[in-house]
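Below: one structure, written as structure tokens.
The values are calculated or read from the model by the stated rules, or taken from the named source; none is laboratory data. Values in this document were obtained by computation on a predicted structure and should not be read as measured data. No Cβ is skipped: glycine too gets one built from the backbone with ideal geometry, and neighbour counts run over all protein chains shown.
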Amino acid sequence: MLIFGQFTIRGCSQMTFENKTILITGASTGIGKALALELSKQNCRLVLTARRDNLIRDYKDDLELDDSNLLILKNDVSDKVSCAESYGKIVEKFGSVDVAILNAGMGRTMKVEEYNSRHAENIIGTNFMGIIYWVEQLVPDFIKRKTGVIAGVSSMADNRGYSGSGFYSASKAAATIYLEGLRIELNKHNVRVITIRPGFVKTPMTEKNNFKMPFIMSPKKSAKYIAKGIEKEKRVIQFPFAMVLITTLVGLIPGRIYELLSSRVDKK
């Protein structure tokens, strides 16, 4: 590793999950479940949390871990007290966390005629505040030990305000910007912050969508992308490439034209 002034250039070696304690929030279904199954092969310790922890216990026998290396917790990431209590249980069993994959998320499409701020509270509380509450628990120990990885799951929906998904897009945009700022701050403490921006992934959440989802991927394939990206300590993990290209181009469309095109799609 070479250091020039305040800038660090790392070598070609990559991180390994072996012998690490890994936290995965939102591990009951979708990407979280797929990540748990994928990482359980890596000779590591897993902490799996979800509001519906019973769904984690349903697939527990499929994990390649024994009970001494596994901790399943009921946790509502939108509740600061719940996160603090869960972190205390992690410390009690494993001492610390090495890699935190803050994956818990929720979404809902809603027409403006059905406007309800309660949905905003739930979505932003889970997708944005859920990351903040867990970072609050993790950062003091990471800074003290001068090590740690925080991987927060955002979305490619963070780039524009999508009709019917304003709350969701806003929560993911907030998460992306927050993680970028956090990455800059924690770099000097040797703590890595990774932003994960998936395209469409086939999960119970996306199954409720009533619109076409191009290039939709399986949770299993998505988990492999994420695991490999974390091992390589990428700043941003985004996939699939076709959706990266499409959302980048959409982000470049001038506002007036974007609104006109979106209005036409919205009328269909």
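Observations on the model:
- Some residue of region 222-230 being closer than 28 Å to residue 62 by Cβ, modelled with pLDDT under 90 and touching a Pro at 6+ places or on another chain (Cβ under 9 Å): no
- Count of region 177-193 residues, restricted to those that are of a type in the set (Val, Ile, Thr) and either assigned to a loop (DSSP other than H, G, I, E, B) or buried (at least 19 other Cβ atoms within 10 Å of the Cβ) (or both), is 2.
- Residue check, residue 174 surrounded by 13 or more Cβ atoms within 10 Å (Cβ to Cβ), closer than 20 Å to residue 33 by Cα, out of contact with any strand residue (DSSP E or B) (no Cβ under 9 Å at 6 or more places or on another chain) and of a type in the set (Gly, Ala, Ser): no
- A Cβ distance below 8 Å, combined with a sequence gap of six or more or placement on separate chains, defines the contacts here; from region 121-147, residues that are at positive phi reach residues that are surrounded by fewer than 17 Cβ atoms within 10 Å (Cβ to Cβ) in the pairs 146/189; 146/190.
- Output for region 81-135, where each listed residue is touching a Lys or Arg at 6+ places or on another chain (Cβ under 7 Å) and not hydroxyl-bearing (Ser, Thr, Tyr): 94, 98, 99, 119, 123, 127
- Subset of region 194-239 (residues that are farther than 25 Å from residue 180 by Cβ, of a type in the set (A, V, I, L, M) and surrounded by 15 or more Cβ atoms within 10 Å (Cβ to Cβ)): 216
- Restricting region 40-87 to residues that are among the small types (Gly, Ala, Ser) and not in a loop (DSSP other than H, G, I, E, B), the residue that is nearest to the chain's Cα centre (by Cα): 50
- Just one of (1) without any contact (Cβ under 8 Å) to a residue 12 or more places away in the chain; (2) part of a helix (DSSP H, G or I); (3) of a type outside the set (Val, Ile, Thr) fails for residue 173. It is (1).
- Whichever residue in region 41-81 is touching a residue at least 40 places away in the same chain (Cβ under 8 Å) and among the hydroxyl-bearing types (Ser, Thr, Tyr) and, among such residues, is nearest to residue 97 (Cα to Cα): 49
Residues checked against (1) crowded, with 17+ Cβ neighbours inside 10 Å; (2) of a type outside the set (Ser, Thr, Tyr); (3) touching a Ser or Thr at 6+ places or on another chain (Cβ under 6 Å); (4) outside any helix (DSSP H, G or I):
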residue: 132; (1), (2), (3), (4): yes, yes, no, no
residue: 147; (1), (2), (3), (4): no, no, no, yes
residue: 160; (1), (2), (3), (4): yes, yes, no, yes
residue: 163; (1), (2), (3), (4): no, no, yes, yes
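- If you go through region 121-168 and keep only what is of a type in the set (S, T, N, Q) and touching a helix residue (DSSP H, G or I) at 6+ places or on another chain (Cβ under 6 Å), you end up with 127, 137, 154, 155, 159, 163.
- Among residues of region 220-247, those that are assigned to a helix (DSSP H, G or I) and either in contact with a helix residue (DSSP H, G or I) (Cβ under 9 Å, 6 or more places away or on another chain) or among the hydrophobic types (A, V, I, L, M, F, W, C) (or both), counted: 15
- Residue in region 172-221 that is modelled with the highest pLDDT, counting only those that are among the aromatic types (Phe, Trp, Tyr) and more than 14 Å from the chain's Cα centre (by Cα): 215
- Residue within region 255-264 that is within 30 Å of residue 99 (Cβ to Cβ) and touching a residue at least 24 places away in the same chain (Cβ under 8 Å) present: no
To keep it simple, each residue is scored yes or no on (1) farther than 25 Å from residue 230 by Cβ; (2) surrounded by fewer than 17 Cβ atoms within 10 Å (Cβ to Cβ).
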{"site": "36", "(1), (2)": "no, no"}
{"site": "48", "(1), (2)": "no, no"}
{"site": "95", "(1), (2)": "no, yes"}
{"site": "113", "(1), (2)": "yes, yes"}
{"site": "119", "(1), (2)": "yes, no"}
